[in-house]
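The values are calculated or read from the model by the stated rules, or taken from the named source; none is laboratory data. All values derive from a computational prediction rather than experimental measurement. We place every Cβ from the backbone using ideal geometry, glycine too, and count neighbours over all the protein chains shown. Just so you know, the surface numbers come from the protein's heavy atoms only, side chains and all, with ligands and any DNA or RNA stripped out. Shrake-Rupley method; radii C 1.70, N 1.55, O 1.52, S 1.80 Å.
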Amino acid sequence: MLADSLGRIQESNAIQMKKIVVVLCLFFLCNNLNAQSISAHGFFSLFRCNNGTVQATGINNYGQLGDGTFTDRTSPNQVSGLTGIVIAVAGGTHSHFLKNDGSVWAVGGNTIGQLGDGTNIAKNIPVQLSGLTGTINLASGDFNTFFVKSDGRVWATGYNYFGQLGDGTNINRNTPVLINSLTGITSCGASQMHSLFLKNNGTVWSSGNNQQGQLGDGTNIQRFTPVQVIGLSGITSVACGVVHSLFLKNDGTVWSVGANQNGQLGDGTITDKNSAIQVPGLTGIIAISAGYYHSLFLKNNGTVWVVGGNTYGQLGDGTTLDKNIPIQLSSLTGVIAISAGSEHSLFLKNDGTVWSVGINEFGQLGDGTNSNRNIPLQIPQLCSVTLETSENDIEKAISIYPNPCNQQLFIDYSEYANTTVEIFTIQGQLVKRILLTSFQTLLQISDLTSGAYLVHIKNSNVKTVKKILKN
């Protein structure tokens with residue numbers, strides 16, 4: 001059914017394509033593609049359900065849970081009025097959401113303009129932000145937010161005392177401003193005082209506070225305009241702790257820089273670094289996440305490795321002892337996504353269940369209690385996973401070529417408007433997301449490692465999955 005894989009994939013009729021999609025779903029875990037995504041930050045957690053709605057749990061003092069109240073929750077509660085959500089990100093006191101129509105919505109704390117709606121008034125029901133069409137990615141720090149657009153430009157709003165917005169000033173913003181010096185950006189990392197920007201050429205740029213060397217430029221000098229992180233190339237993902245930074249390379253290794261008082265850099269010491277170092281002993285890593293003082297790593301075999309601060313059990317190893325060398329969590333397997341909050345951690349498994357561990361003072365673990373946990377427990381009563389194999393969804397001809405591919409991938413689709421393309425590993429890890437902008441879209445994939453990937457293409461009329469091979 002996947003014949004002629006060396007040539008251009010062109011569906012001749014809808015019936016054949018339906019058969020291909022069903023086979024791919026059976027053999028390549030389509031349910032993973034539609035499982036929840038998770039986002040932890042501050043003292044609350046967000047869960048994007050496979051039907052495009054969002055649930056939230058934890059502290060709600062600024063309305064960040066988006067349920068129309070300021071009441072904390074110990075079990076997941078639905079965010080009001082949101083459907084069609086493709087990205088949900090938690091900040092320190094606020095939340096942002098990207099819809100499948102390209103619109104951006106925000107809720108929660110807004111004292112420093114972190115919502116980006118032109119006010120400094122908190123909201124407990126999501127509001128739509130204007131002027132952010134073409135947004136394809138989001139990142140939220142404690143009091144700021146970044147919006148990556150399809151043209152590779154970045155807009156930023158919120159707290160800027162340390163220059164973390166990267167606009168060359170230290171002026172707080174309540175309306176998103178363009179970071180003029182950045183182009184070709186695919187994703188960002190954000191924290192309380194510094195920010196990271198990943199370019200499509202695999203380099204990383206950083207701005208903001210640098211007292212512990214977290215910018216990775218070999219100095220401890222504060223930056224108001226992004227500078228390049230030295231010694232790094234081939235980076236595919238970045239993550240910000242409160243005063244440390246993590247970088248994932250396309251060879252599956254991890255690099256770290258910044259504060260290390262709790263061992264969060266994972267190099268076996270508690271010594272700060274201002275130039276990135278490789279985390280020893282980690283290979284085959286496909287995802288990284290940074291909490292305030294701890295770090296999480298997901299391997300391509302579905303295991304999780306952890307290091308750093310563990311005061312509240314956030315490492316999940318059954319203790320409250322800090323670690324300065326990564327250790328495997330033996331209790332977790334089949335994990336496809338990780339997310340670190342301030343002092344708690346979330347894990348999404350390939351069966352669609354979500355597990356949590358760490359501090360639970362405000363109910364951020366979502367287990368119906370306020371009890372801290374040092375061993376991950378499953379979150380009950382959370383949105384479930386369903387297979388997405390409906391044959392009626394496959395209606396339009398879409399071509400992806402060449403296949404196998406190497407540096408570039410072309411996507412031809414005449415009905416490209418409001419169409420999202422997501423590329424996942426076979427394990428279900430999202431590695432790229434774009435919005436189609438023309439009849440023919442060129443996607444740079446040189447940063448992807450060799451292997452099989454699933455391309456998930458969807459809009460209001462079409463939902464289809466295609467397999468590609470990357471040389």
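Structure notes:
- Lysine pairs within region 184-343, Cα separation less than 20 Å, 8 or more sequence positions apart or different chains: 5
- Residue-span extension gain [Asn220 to Ser371] - 0.36 nm each, minus C-alpha spacing: 50.5 nm
- Computed extension length for Ser130-Thr83: 15.1 nm, one decimal, from 0.36 nm per residue of separation with the Cα-Cα distance subtracted.
- Once the C-beta distance of Ser438 and Ile171 is scaled by a Förster radius of 30 Å, the resulting FRET efficiency is 0.25 to the nearest 0.05.
- Carbon + sulfur, % of accessible area of the chain - ligands and nucleic acids excluded, 1.4 Å: 50 percent
- Per residue, the accessible area of region 155-265 comes to 30 Å², computed with a 1.4 Å probe over protein heavy atoms only.
- Accessible surface area normalised per residue over region 37-131 is 30 Å², counting heavy atoms of protein chains with a 1.4 Å rolling probe.
- Expected 222 nm ellipticity per residue - DSSP helices of 4 or more, -39500 (n - 2.57), all of the chain, to 500: -1000 deg cm²/dmol
- With Cα atoms, 0 to 90° folded angle of helix 14-27 axis to the chain main axis: 40 degrees
- Here's the list of lysines a cross-link from Lys123 could span, going by alpha-carbon distance under 26 Å and ignoring same-chain residues fewer than 8 apart: Lys99, Lys149.
- Order by protection proxy (mean Cβ within 10 Å, highest first), peptides 69-75, 323-329: 323-329, 69-75
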